[in-house]
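Taking it in order: structure first as structure tokens, then the write-up.
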Amino acid sequence: MAYDYEYDESGLASSYLLLSMLVPVALYMTYDLVDSSPIRRVRCSCSGCKNKDVNRKTKRKVFTTIIWIVISYLISNIRTLKIEYNKGFDPLEVLGIDEGTGEKEIKKRLRRLLMKYNLSKAPEDLRKEYEEKQKIINKAYGLVSDKKRYEAWLNSESKTGEIVAIPKIVIKRGMYAFALYSLLLGVFLPRWAYRKWREIRDLNRVGVNFRTMEMFYEKIDAGVNQTKCPSEAVTKLIMIMMRSVEFSEYRWKSDVEGLRGKIESGFAFPLKDCGKESKGYLVLMDHLFRIGQAERSDVEYVQRASLRLVEGMKAIGIAKRYGNVVKSLVILESMIIQAVFDMKYSMLQIPFVRFEDIFIQENCKEKISAEGYIGTALSGEKRESALNVCNSIPLVRIAEFSASVIETGVVKDEEDDEPSSSENLVTKNDSEEKAKSAREQAVYVIPGGSIATINVVLDRECKVDGCGKGEMIVHAPFMRESFFVKWIVMLTVDNVIYGKIKVIDDFEKRTSIRFSVDVGEVRKMCECKVFVGCGEYMNRNVEKSIVIKVE
């Protein structure tokens with residue numbers, strides 16, 4: 001039998017369809033709100049932290065609440081609406097026959113039904129019902145006995161209905177619905193997909209354009225790596241960043257007129273002239289100097305793009321084994337995250353610290369610590385917030401940095417050439433402590449042709465209680481994104497990166513890292529240095545060096 005389709009007038013079928021799509025989304029968002037992995041935030045009352053907390057929580061909660069309200073409405077629809085079957089008039093069902101029944105059998109069935117519902121034998125209370133039954137029976141027989149009417153009924157009215165989950169209003173406004181459907185699926189969706197494809201087709205795994213990476217490979221050379229002053233090296237890397245596709249081809253919306261003069265006069269800090277790329281450079285400076293003149297959308301783009309470009313430049317620095325470049329990029333990364341324009345003003349990462357006060361202290365002979373400044377310059381809630389942030393910033397100390405060779409490794413002073421004892425794994429020379437205190441550099445004698453194991457032990461120091469549940473989020477009020485502290489551990493031999501760089505999550509108390517050095521690949525006397533850097537906070541990078549002497 002053929003089928004006909006009816007559209008959803010009551011909203012029941014549409015409710016089932018929408019419910020099946022919304023419930024998984026609502027469950028995921030609810031789980032996301034009550035995530036089982038807790039995180040901690042520094043108690044801070046600065047405007048950036050307040051806005052971030054409000055925006056992050058409010059938007060999620062409001063959107064999740066709206067979805068659950070819609071789901072509740074759909075569930076109420078399902079519970080209250082009843083399916084109404086409109087089968088129409090079916091003569092075959094009335095007579096109790098099917099399509100293949102013969103004419104004699106139909107007449108026989110008719111007589112039986114008429115006798116059953118005979119009005120002369122009907123009880124008084126059922127007389128009206130019997131009359132209706134006779135009318136229906138006669139109507140059914142009249143339809144079946146007339147071949148033309150019967151065939152017409154078979155081709156149209158006999159079809160069984162199926163409800164389609166399309167609201168009837170969509171069908172009534174068919175032209176508008178078709179136009180909207182065409183715009184969404186025929187215009188907007190393909191355009192959006194094409195734009196996304198264009199954005200990602202030329203990007204590498206860290207989200208940097210391939211042309212930008214080629215430019216980085218060309219511009220990040222030995223000259224940049226050999227720059228002695230870290231601030232100068234960071235400036236060079238920023239200028240290279242400005243030549244990227246991400247900055248040069250972006251359509252900036254900000255009005256940066258007068259921004260250069262405002263920064264140079266207000267901070268006594270000369271800015272570079274980038275030529276055509278100056279607009280992107282000035283937007284980045286607007287972020288680092290916390291001016292607030294540039295459009296918020298441009299600043300957020302600069303934040304995202306700059307951090308991706310830093311990762312791209314790190315990849316080039318690591319590929320070329322440029323240790324100083326990687327160190328400078330860690331500094332630049334922390335400057336972007338903390339919105340600080342120069343590493344010597346790292347105290348600006350603490351809330352409510354004013355540039356004017358640091359500038360005065362910078363030119364004084366007597367330097368003041370961050371705690372000392374907070375205690376004298378701030379009070380009340382500002383002082384409490386500043387101390388909370390200051391005490392929550394982790395600090396790492398290199399507790400041990402040593403080289404050894406299993407069963408053959410000997411640690412001794414450079415002037416001591418006595419043979420080692422085979423009984424000891426590592427023999428510590430008596431003069432090592434003197435050498436470390438005098439030069440902060442120990443000498444390790446390693447037999448030729450062996451593999452030296454470099455052991456690095458890190459102690460984490462933090463004044464805030466680290467026993468709370470969850471990982472601490474980095475205090476970065478000027479960034480929209482959330483960050484967690486990570487430590488980059490890099491080993492260099494004669495200022496050349498050796499082996500793989502280790503990236504470790506923030507830890508408590510102590511952790512150890514090991515590197516392997518094939519002494520056949522290094523000089524007879526070489527300087528081995530470990531660098532431990534934090535790209536989320538400023539002024540948290542430490543390094544230590546030893547001398548390896550190959551016998």
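Rule-based calculations on the coordinates, nothing more; no lab input. Worth saying up front: this structure is predicted, and the values here are computed from it rather than measured. A quick note on method: Cβ atoms are made from the backbone with ideal geometry, for glycine too, and the neighbour counts reach across all protein chains shown.
Residues whose amide H falls under 5 Å from that of Val396, counting only those 5 or more places apart or on a different chain, are Glu461, with hydrogens built in the peptide plane. In the range 269-409, taking the dipole from charged Cβ atoms about the Cα centre, the farthest positive-side position among Pro270, Ser369, Ile398 is held by Pro270.
Here the spin labels are modelled as points 7 Å beyond Cα on the Cα-Cβ line, and at Gln226 and Ser379 they lie 5.6 nm apart. Using R0 = 45 Å, the C-beta based FRET efficiency linking Ile39 and Ala177 works out to 0.50. The range 482-500 and the range 350-386 have Cα centres lying 31 Å from one another. About its Cα centre, the range 294-387 has a charge dipole of approximately 520 debye under the convention of +1 per Lys or Arg Cβ and -1 per Asp or Glu Cβ, with nothing else charged.
So between Arg198 and Lys61, what do we pick up on full extension, going 0.36 nm a residue minus the alpha carbon distance? Mind showing how you got there, number by number?
Details: separation 137, 0.36 × 137 = 49.32 nm, distance 3.36 nm.
Full extension of this stretch gives 46.0 nm more.
The modelled label-to-label distance between Ile360 and Glu461, using points 7 Å beyond Cα along the C-beta direction, is 2.9 nm. Backbone N atoms of the range 112-131 closer than 17 Å to the 7 Å Cα→Cβ label point of Lys139 belong to residues 114, 128-131.
Can you work out the FRET efficiency for the pair Glu249 and Lys128, with r the C-beta to C-beta distance and R0 = 60 Å, to the nearest 0.05?
Values: r = 85 Å, r/R0 = 1.41.
The value I calculate is 0.10.
Ordered by packing density, taken as the mean number of other Cβ atoms within 10 Å over each peptide's residues, highest first, how do 132-142, 111-121, 304-314 rank?
Values: 132-142: 15.6, 111-121: 12.1, 304-314: 22.2.
Put in order of decreasing packing, that is 304-314, 132-142, 111-121.
In a simple Cβ point-charge model (Lys, Arg +1; Asp, Glu -1; nothing else charged), the range 181-256 has a dipole of about 300 debye relative to its Cα centre.
Can you give the Rg to Rh ratio of the range 184-314, both from alpha-carbon atoms, with Rh computed by the Kirkwood formula?
Numbers: Rg = 16.6 Å, Rh = 16.2 Å.
Reported Rg/Rh, Kirkwood definition of Rh: 1.03.
Here's how it looks for Met472: its modeled amide H is under 5 Å from those of Arg40, which are all 5 or more places away or on a different chain. Here the spin labels are modelled as points 7 Å beyond Cα on the Cα-Cβ line, and at Lys509 and Arg191 they lie 6.0 nm apart. Computed from backbone phi with θ = phi - 60° and the Karplus coefficients 6.51, -1.76 and 1.60, the 3J(HN,Hα) list for the range 322-334 is 8, x, 5, 5, 4, 4, 5, 5, 5, 5, 4, 4, 5 Hz; x is used for glycine and proline. Computed extension length for Ala319-Asp518: 69.7 nm, one decimal, from 0.36 nm per residue of separation with the Cα-Cα distance subtracted.
Which of the residue pairs Lys228/Lys314; Lys367/Lys500; Lys52/Lys544; Lys272/Lys544; Lys367/Lys544; Lys59/Lys272 have a Cα-Cα distance greater than 30 Å in the structure shown?
Numbers: Lys228/Lys314 18 Å; Lys367/Lys500 38 Å; Lys52/Lys544 38 Å; Lys272/Lys544 33 Å; Lys367/Lys544 24 Å; Lys59/Lys272 40 Å.
With Cα atoms farther than 30 Å apart: Lys367/Lys500; Lys52/Lys544; Lys272/Lys544; Lys59/Lys272.
Cβ neighbours within 10 Å, averaged per peptide: list 180-187, 395-402 in order, most packed at the top. Let's see the in-between values first.
Details: 180-187: 10.8, 395-402: 16.2.
Ranking, from highest mean packing down: 395-402, 180-187.
Using the Cβ-Cβ distance between Met21 and Val206 with R0 set to 41 Å, the FRET efficiency works out to roughly 0.75.
Please report the net charge: other residues with Cβ closer than 14 Å to the Cβ of Ala193, K and R +1, D and E -1.
Numbers: positive: Arg191, Arg195, Lys196, Arg198, Arg201; negative: Glu199.
Once all neighbours under 14 Å are counted, the net charge is +4.
Between amide H atoms placed 1.01 Å from N, distances below 5 Å from Phe289 occur with no residue 5 or more places distant or on a separate chain.
What order, most packed first, do the peptides 281-287, 205-211, 97-103 have when packing is the mean number of other Cβ atoms within 10 Å of each residue? If you can, show how the numbers build up before the last one.
Values: 281-287: 23.9, 205-211: 15.3, 97-103: 10.6.
In decreasing order of mean packing, 281-287, 205-211, 97-103 become 281-287, 205-211, 97-103.
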